[in-house]
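The values are calculated or read from the model by the stated rules, or taken from the named source; none is laboratory data. Since the structure is predicted, the reported quantities are computational estimates derived from the model, not experimental observations. Ideal geometry is used to build each Cβ from the backbone, glycine not excepted, and the neighbour counts take in all protein chains shown. Surface areas here come from the heavy atoms of the whole protein model, side chains and all, with no ligands, DNA or RNA. Shrake-Rupley method; radii C 1.70, N 1.55, O 1.52, S 1.80 Å.
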Amino acid sequence: MADVILSLSQVNKTYVTRKNGRNRNVWAVRNVSFDLKRQHIVALVGESGSGKSTIAKLITGVERSDAKSGSILFEQKPLAEWRRHMREYRRHVQMVFQDPYAALNPLNPVNYAVGRPLTNYKKLRGQAREQEIEQILQQVHLTPVREFANKLPFELSGGQLQRVVIARALASSPKLIVADEPVSMLDVSIRAEVIGLIDELRTQAGVSFLYITHDLISARLLADEIVVLYRGTVVESGDAKTVVREALHPYTQLLLQAIPNPWAPEQDENFDMSLLERTGDDTGCVFRSRCPHAMEACAKTAPTLQPHGEKQQVACLLYSAESREPVNS
Amino acid sequence: MAVLDVKHLTVGYGKVQAVRDVNLSLEKGEILGIVGESGSGKSTLGSAITKLLRPPGKILSGEIRFEGEDLVPLTEKQLRHKRWTDISVVMQSGMNALNPVATIRRQFEDVILVHQPMGKAKMAERVDEMLQLVNIDPVYADHYPHELSGGMKQRVSIALALVLDPKLILFDEPTTALDVVVQRFIVQNLKMLRRRYNFSALFISHDLGTVLEIADRVAVMYAGQIVEMQTTRNLLRHPKHPYTEALLRCFPDPRAEIIEAVGIPGTPPDLADITPGCPFAPRCTRSISTCFSETPAYVMEKDTGLACHLAGREAEVQA
Ligand SMILES: Nc1ncnc2c1ncn2[C@@H]1O[C@H](COP(=O)(O)OP(=O)(O)OP(=O)(O)O)[C@@H](O)[C@H]1O
Ligand SMILES: Nc1ncnc2c1ncn2[C@@H]1O[C@H](COP(=O)(O)OP(=O)(O)OP(=O)(O)O)[C@@H](O)[C@H]1O
Ligand SMILES: [Mg+2]
Ligand SMILES: [Mg+2]
C-alpha cells in the first residue's frame, strides 16, 4: 500500500515505575494499530494519560516500543531499520509540541530557529539559506518576512510563536509532522489560524500530519480520520465526520457529551456523573468500569477493533457479532 | 443590596494598565462569568477584587464594595478575618496550591482551626461531608495531594474554598488544565453546590463554552476593559459587541453537517501604549471611522453594559 506513509500494527509500550519499593507496570500503549495515508491528517484523541504522547514518542523514535511488540512502518520500512539512519529519519519525521513558549530559545531570533535545520539537514549557507528561510516564513504567513525574521520570541503572540515552531519543523522538508496538542495552549481566537495553516501545509506542501489532541472539535475540524484512545487502547477509529456524528463507542459518546453546549443547557443535566475517574482492573474491556452499557461479558474478553459499516471501526461488545444491536443508545 | 459592587476600578503594573475603569456588581447567589483572551486582564481583575494582587500590581483607583464596605483601603490584617469565611478563591493552579506534605484532612483542619475552631470529631464529620460534595470518596482524606489525580486535586481545592460557607468565591480558570470530561463534571458539580449554598461567584475563564454553561451573567473583557455584559441567555441570542459575536463564532457545533475553523484575525493592543479609539477597532469587521479616534464609553443599564460606537446604530450599519 504505497499510499500509506505510516503504519502502526499491534504496538505496545510498557513503563515500569517503582512505587513503595515495588515495581509496577504501566501499560501506556496496548496493541495499537492504525494507518496514516500520505497527505492525510489523522487525529489521535483521548483524555489525559490515554497514551497519546507515548505514541508520538514511539513514532518519532524518542522511545522504543516493547520488545515483544508489533511494528511501526514508515514508508514501508520498519522503524528498527530506520534506527540505523536516524538522521535521515528525523529529517522526514518532525515533531511540534504543545507549548510554543518552551519550544523556542528566548535568546534566538526567528531566523536562527528556522535556519538551523537548514544548515543541519540541507547544508544550506549564505544567500541560499536566507532565501529558504524567507520562503518558509512566507509559507507559514509570518509576513512581512524580513521583519519577522529578526524578531525574538517575546515579541510574538502565541499563535505567531506556534507558526515559528511549525516553520522550524518544515525546514527539513519533512514528509510527516507529529503535532502534540499544537493549539491547546492558544486562545480560541487564534487557534483557527494554526489549524488553517496545518490544513494548508497538508494540501500545498503535501505533508502528512498526526494531530494529537483531547479536543474532538478540533479533531473534526482538521482530520480526515480520528483514532480514539482510552487507557492506551484504540476504542474507535475511522472517518472523522462519521466518528463524531455517529459515535459508536460509549467512550467516544462520553467525550462528545462533555463538550459544553450552551444552546441546549438542558442536555447538561443528563451528564452522568458516575462516569468519572473509575479505575478498573486489567481484564476485559478497558472502559468497562465507567461504561453505562457494561455487560457481564465485558469483564471476560477484551474486545478488538472490528469494522462497523464502511467508514468506522469499533472495539466494543455492543457491536460484536453475538449482540449486533446496542443495548440502548 | 449587592454582595459585591465594583466601581471605576483601574489596576496597573508599572506602565501597563491591565484593568481599566471596570464596573460590575454581583447579587447574592449569582455567578458572573468573565471571559476574554489571554492578557485581557481577567486574573488581574480577580486578584484585585480579592485583594490578592502581587507587586508591582497596584489598584490605581476605584472602589470594591463587599457588602457595602470598601475593601480597597483595608490592610491585609483587616482582611484576614474575611478570607475563607467571607471570600475564598480557587485558582487554575489550585491543585498545585495544596500543601504537598500535608494530608487532605490536615489542609481542611488548618483552615477550620484558624477561622472557626471546632472539635476533632465535628471536624472529621465536616471533612467527610465536604469531600462527598465534590464526589470524592472520604477515604482520600488521609491521602497526600500527589496521590490524587489533577481533577481530584482541583475538586479538593473547591471543597476547601467552600468549607466555611463563604459569601463570595473567585474561580480563576478552575478547569483549564483539566480533561474535557473532568471539566464537565466540575461545572455540573459547581452548579449543584451553588444551588445548595447560594454563594456568589466570579468565574473567570477564556473558555466561553464553559462560562456560558455555568454563569448567570457574563462580562466580556478586551484589553483591560469590560466591553459587554449581559445575562447569559441574552448574550447567546443577541450579542451586541462585535468582539462577543466573533468569540461566539469560534465555537462550532461538532456534530454539524459542515464545520469550519473560525478565529479572530489580529492581536490585541499593547496595554503599555494605549491610544484613543476602541481597542478592538483594528480587528473589528464592522468598525467605522469614529472607532479609531474616540474611545467608546461603557454604558450601563440595569444588569447590562456595552462599550461600542455601533450601539443603537445597528440599522444604519446593516444598511
Ligand atoms: N516515562 C514514563 N514513565 C512511567 N510512566 C509513564 C512515562 N511516560 C508516560 N507514562 C504513563 O503512561 C501513560 C500515558 O501517558 P501519555 O503521556 O502518553 O498520555 P497522554 O495521552 O499524552 O496524556 P496528556 O493528555 O496528559 O498529555 C500515563 O499513565 C503516564 O503516567
Ligand atoms: N506581574 C506582572 N507584571 C507586569 N505585567 C503583568 C503582570 N501580571 C500581568 N501583567 C500584564 O497584565 C495584563 C493582564 O494580565 P492577566 O494575567 O490579568 O490576563 P488574563 O486575562 O488573566 O490572561 P490569561 O488568560 O493568559 O490568564 C497582561 O498584559 C499581562 O502581561
Ligand atoms: Mg500528552
Ligand atoms: Mg489569567
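Over chain B, the fraction of Cα-Cα pairs per 20 Å bin, rounded to whole percents and listed from the shortest bin up, is 31, 55, 14, 0.
Debye-formula intensities of segment B:183-319, expressed as log10 I(q)/I(0) at q = 0.11, 0.14, 0.16 Å⁻¹, are -0.48, -0.75, -0.94 (one equal scatterer per alpha-carbon, no solvent). So what is the orientation-averaged projected area of the protein assembly as shown, using the convex hull of its C-alpha atoms, in nm²? Value for the protein assembly as shown: 32.4 nm². Nearest 5 percent is fine: what portion of the DSSP beta bridges confined to chain B is antiparallel? The antiparallel proportion sits near 60 percent.
A simple charge model with +1 on the Cβ of Lys and Arg, -1 on the Cβ of Asp and Glu and nothing else charged puts the dipole of chain B at about 500 debye relative to its Cα centre. Relative to the current alpha-carbon distance between A:Val62 and A:Arg87, full extension at 0.36 nm per residue lengthens the span by 7.7 nm. Shielding of peptide B:230-238 by partners, expressed as the average count of other chain Cβ atoms within 10 Å per residue Cβ, is 1. Under 5 Å from the amide H of A:Cys316 lie the amide H atoms of A:Gln306, each residue being 5 or more positions distant or on a separate chain, with H modelled from the backbone and absent for Pro and chain starts.
Between A:Lys122 and A:Gln76, what's the calculated FRET efficiency when r is the beta-carbon distance and R0 is 22 Å? Round to 0.05.
It comes to 0.35.
Taking the Cα centre of chain A as the origin, how large is its charge dipole in debye, to the nearest 20, when only Lys and Arg (+1) and Asp and Glu (-1) carry charge on their Cβ atoms?
That gives chain A a dipole magnitude of about 1740 debye.
The coefficient of translational diffusion for segment A:15-80, derived via Stokes-Einstein from the alpha carbon Kirkwood radius under 10 °C and 1.306 mPa s, stands at 116 µm²/s. Considering only B:His146, B:Leu131, B:Ser157, and ranking their Cα positions along the charge dipole of segment B:108-158 that arises from unit charges at the beta-carbon of Lys, Arg, Asp and Glu, the one farthest toward the positive end is B:Ser157.
Ranking A:Leu170, A:Leu229, A:Gly206 by Cα position along the charge dipole of segment A:104-246, where only Lys, Arg, Asp and Glu carry charges on their C-beta atoms, puts A:Leu170 farthest toward the positive end.
Note on B:Ala311/A:Gln10: beta-carbon distance plugged into 1/(1 + (r/R0)^6) with R0 of 41 Å gives a FRET efficiency of 0.10. Across peptide B:206-217, the average count of Cβ atoms from other chains found within 10 Å of a residue's Cβ is 3. Spatially, segment B:191-238 and segment B:84-163 are offset by 26 Å when compared through their Cα centroids. When the charge dipole of the protein assembly as shown is built from unit charges on Cβ atoms (+1 for Lys and Arg, -1 for Asp and Glu) and taken about the Cα centre, the candidate among A:Pro260, B:Phe66, A:Val16 whose Cα reaches farthest toward its positive end is A:Val16.
Across the residues of A:184-197, average count of Cβ atoms on other protein chains within 10 Å?
Mean number of neighbouring Cβ atoms from other chains: 6.
Rolling a 1.4 Å probe over the protein heavy atoms of segment A:4-245, with every protein chain left in place, gives an accessible area that is 47 percent carbon and sulfur.
Residues whose amide H comes within less than 5 Å of that of B:Ala201, counting only those at least five positions distant or on another chain, are B:Glu30, B:Ile31, B:Leu32, B:Ile169 (H built at 1.01 Å from N in the peptide plane). Of all the options A:Ala113, A:Ala179, A:Ala43, the one that moves most in a Gaussian network model of chain A with Cα springs shorter than 10 angstrom is A:Ala113. Overall shape: oblate for segment B:63-179, with the ratio a/c of the largest to smallest alpha carbon gyration tensor axis at 1.5 or above and b/c at least equal to a/b. Report the B-A buried area as the accessible area lost on both sides summed, probe 1.4 Å, in Å² to the nearest 100. Answer for the B-A pair: about 3400 Å² buried. Separation of segment A:305-321 from segment A:186-207 is 31 Å, based on Cα centroids. In the protein assembly as shown, the DSSP beta bridges split such that about 60 percent are antiparallel, to the nearest 5.
Segment A:153-181 and segment A:53-67 have Cα centres separated by 21 Å. In percent, what relative contact order does chain B have, based on Cα pairs under 8 Å that are 6 or more apart in sequence? Relative contact order, chain B: 21 percent.
Where both partners of a DSSP beta bridge lie in chain A, what percent of those bridges are antiparallel, to the nearest 5?
60
The dipole here belongs to segment A:1-46: it is taken about the Cα centre, uses +1 on the Cβ of Lys and Arg and -1 on the Cβ of Asp and Glu, and is about 460 debye. Note that segment B:57-70 has calculated 3J(HN,Hα) couplings of x, 8, 6, 8, 6, x, 10, 10, 8, 10, 6, x, 9, 6 Hz, one per residue in order, obtained from phi through the Karplus relation 6.51 cos²θ - 1.76 cosθ + 1.60 (θ = phi - 60°); glycine and proline are x.
With a ≥ b ≥ c taken as the square roots of the eigenvalues of the C-alpha gyration tensor of segment A:47-132, please select rounded if a/c is under 1.5 and otherwise prolate if a/b is larger than b/c or oblate if it is not? Here segment A:47-132 falls in the oblate category. Give a quick list of trypsin sites (Lys or Arg not before Pro) in segment A:41-109 that DSSP marks as loop, anything other than H, G, I, E or B, with at most 10 other Cβ atoms within 10 Å. Of the trypsin sites (Lys or Arg not before Pro), the ones in loops of segment A:41-109 whose Cβ has at most 10 other Cβ atoms within 10 Å are A:Lys68. Annotation for segment B:239-319: trypsin sites (Lys or Arg not before Pro) lying in DSSP loop with at most 10 further Cβ atoms inside 10 Å of their Cβ are B:Lys302.
Normalised radius of gyration (Cα atoms, divided by 2.2 N^0.38 Å) for chain A: 1.07.
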